[in-house]
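Working notes, structure below.
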Amino acid sequence: MPGQRYQVLLTAGAERDLESIRDYIAEFDSVARADYVLDRLLKVAKTLATIPERGTYPRELIALGIREYRQVFFKPYRVIYRVHGQRVYIHIIADGRRDLPSLLGRRLLGA
């Protein structure tokens, strides 16, 4: 519904993802770049409060017939989330160049 607001929540796994991304960039690039990327990822997450349905379905999950998760991007990063009622749960924030099928399997499917 237009004007409807959702509460956006990070799971513990997503919070760890953000910490890892920031730490990696700070170590191999700069703290300023790490803070910039972290800020942009959090802004992308906050935009889900208004229209979370705009995200696409992750192809790795579609191949398994799973359509409860969606994703938005701040390239090369993928923000993978699920909408439940008036809440948006962000489960994974990961570099899209990683081995995402195994990460998705572990984190979302308990494999």
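Surface analysis of the chain yields an accessible area of 60 Å² per residue, using protein heavy atoms and a 1.4 Å probe. For GluC sites (Glu not before Pro), the sites in region 34-111 that DSSP calls loop and that have at most 16 other Cβ atoms within 10 Å are Glu68.
What separates the Cα centres of region 7-23 and region 87-111 is a distance of 12 Å.
Along each principal axis, taking the top coordinate minus the bottom one, the Cα set of the chain gives 40, 35, 22 Å in descending order.
Among 7-20, 25-38, 76-89, sorting by the average number of other beta carbon atoms lying within 10 angstrom of each residue, highest first, gives 76-89, 7-20, 25-38.
Across region 1-55, Cα-Cα distances exceeding 16 Å account for 50% of all pairs. Nonpolar atom fraction for the chain, defined as the carbon and sulfur part of the 1.4 Å probe accessible area, stands at 53 percent.
Of all DSSP-defined beta bridges confined to the chain, some 80% are antiparallel rather than parallel.
The values are calculated or read from the model by the stated rules, or taken from the named source; none is laboratory data. Since we're looking at a predicted model, the values are computed, not measured. Virtual Cβ from ideal backbone geometry, glycine too; neighbours counted across all protein chains shown. Heads up: the accessible areas ignore ligands, DNA and RNA and are worked out on the full protein's heavy atoms, side chains in. Shrake-Rupley method; radii C 1.70, N 1.55, O 1.52, S 1.80 Å.
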